[in-house]
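Derivation of every value follows stated rules applied to the coordinates shown; laboratory data play no part. Not measured: the values here are computed from a predicted model. Neighbour counts are summed over all protein chains in view; Cβ atoms, including those assigned to glycine, are modelled from backbone coordinates with ideal geometry.
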Amino acid sequence: MKITKTSKSRINEVDFSNLVFGTQFSDHMLVAEYSEGKWSEPEIKPFGPMSFTPAMHTLHYGQAIFEGQKAYYMEDGSIGIFRPDANAKRLNHSARRMFMPELPEDLFMEGIKALVDIDREWVPKEKDHSLYLRPFMFGSSEFVAARPSEKYIFCILTSPVGPYYAGNVKVKVEETYTRSATGGVGSTKCAGNYGGAFYATHQAKEEGYMQVIWTDHKNHELIEESGTMNVAFIINDTFITPPLSDRILGGITRDSILTLLRDRNIVKVEERPIKVEELVAAAEAGTLQEAFGMGTAAVISQISTIGFRGTDFEVGTPTDGYAMKIKKELTDLRSGKTEDTYNWMVKF
Ligand code: COI
């Protein structure tokens, strides 16, 4: 791998006690290019602008996918990346559906390790902080004919981050707009899934909510995700989360939580469709104990209010409830406080 180091680190310009998610970038980035059916050798170089003409394919047709993952500072002083192999596989899942070339998994794994290693000083040491890693791929051919790009760029940038949302989240059940549809691209991390959500989220904000709970495209009956995260509820001491489908992103945090809950018998788990009507009935009956989003950026984000057709249902956000217990199990594993029996951490 070709490595060109920066001649002047920017690390002293960063206030690590005041990080705003995804706004500051470490010294280096990784870039690999695809053309004529082959990936080039990746190159690590100083973080900085790329240059394109306005004909660049992604700007027009959006063959663009990304991943989100984190590197943590661990108790023994090493750095650990959480389940990067799962991100490599999911990137390729997105690539196949978006008709983009797959990236060899070893290029992804070796590239991400080398990049984090070179900027290891950028991994924050504070509790609930991490180095957020953003691998992404986009079509880079320079033509506006409506056909797939022939060239692609794979890039990884990294960004030191603190907690994603400050505090609890007020959400609204979305019954007008949809995030995804059967046969669509909802299970991929394509850029358009996020761009397409901004308008609905903005509308919810105007009504005083921070995020939406997405429901199915047909009848808006089934709960699917919340904001950019998978969603789960604790009803009658049971953890309930919608099953994966081609409309729902296979979250790595979601998968890790399900694995821990099942293996450690923390709570009864049900991975099954859940209707808005069931959620509202549970809120009215007082059996809805907790609600939360699960994702890489926020890990677990407790939902304090669910708005449905003009009524706000308050939900408990206990500090000693299931959400916080699950978060602690994950955090302890990631920091090395408890044994990583799954070999989820790639340490160096
Ligand atoms: C996540 O919850 O990890 C996300 O996908 C959020 C990201 C788009 C910032």
Inset, instruction - Could you please rank ILE118, ILE156, placing first whichever residue has the fewest other Cβ atoms within 10 Å of its Cβ? - result: ILE118, ILE156
Inset, instruction - Any chance you could tell me what percent of the C-alpha pair distances in the stretch 297-348 go past 15 Å? - result: 60 percent
Inset, instruction - Run the quick spin-label model on ALA145 and ASP106: label points 7 Å from Cα toward the beta carbon, then report their separation in nm to one decimal. - result: 3.5 nm
Inset, instruction - Determine the sum of side-chain charges near TYR34: Lys and Arg each +1, Asp and Glu each -1, restricted to other residues whose C-beta is under 13 angstrom from that of TYR34. - result: -3
Legend entry - Debye, to nearest 20: dipole size of the stretch 244-317, +1 on Lys, Arg Cβ, -1 on Asp, Glu Cβ: 200 debye
Inset, instruction - Rounded, prolate or oblate: pick one for the stretch 125-200, where a ≥ b ≥ c are the square roots of the eigenvalues of its C-alpha gyration tensor, a/c under 1.5 means rounded, and failing that, prolate if a/b is larger than b/c, else oblate. - result: oblate
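When the helix-only estimate is applied to the chain (DSSP H runs of n ≥ 4, each -39,500 (n - 2.57), divided by the residue count), what is the mean residue ellipticity at 222 nm, nearest 500 deg cm²/dmol? Let's see the in-between values first.
On the way: 8 runs with 83 residues, N = 348.
After summing the helix terms and dividing by residue count, I get -7000 deg cm²/dmol.
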Inset, instruction - Could you size up the charge dipole of the stretch 2-162 around its Cα centre, putting +1 on the beta carbon of Lys and Arg and -1 on that of Asp and Glu, and report it in debye to the nearest 20? - result: 320 debye
Inset, instruction - Please report the Cα spread of the chain along all three principal axes, rounded to whole Å, starting with the longest. - result: 61, 52, 35
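Ranked highest first by the average count of other Cβ atoms within 10 Å around their residues, in what order do 269-275, 106-112 fall?
Values: 269-275: 15.0, 106-112: 18.7.
So the peptides 269-275, 106-112, ranked by packing, come out 106-112, 269-275.
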Inset, instruction - With +1 on each Lys and Arg Cβ and -1 on each Asp and Glu Cβ, and nothing else charged, work out how big the dipole of the stretch 169-335 is about its Cα centre, in Debye to the nearest 20. - result: 460 debye
Legend entry - Amide H contacts under 5 Å for ALA291, placed H, 5+ residues apart: ILE234, ILE303
Legend entry - Signed unit charges on C-beta, dipole axis of the chain, positive-most listed residue SER35, GLY251, VAL276: SER35
Legend entry - the stretch 2-162: relative contact order as a whole-number percent, Cα under 8 Å and 6+ apart: 34 percent
Legend entry - Violating pairs (Cα-Cα greater than 19 angstrom) within the set LYS218/LYS275; LYS89/LYS328; LYS89/LYS125; LYS127/LYS337; LYS38/LYS151; LYS113/LYS337: LYS89/LYS328; LYS89/LYS125; LYS113/LYS337
Inset, instruction - Report ³J(HN,Hα) in whole Hz for each residue of the stretch 16-27, in order, from the Karplus equation J = 6.51 cos²θ - 1.76 cosθ + 1.60 where θ = phi - 60°; Gly and Pro get x. - result: 5, 8, 9, 7, 9, 3, x, 10, 10, 10, 5, 5
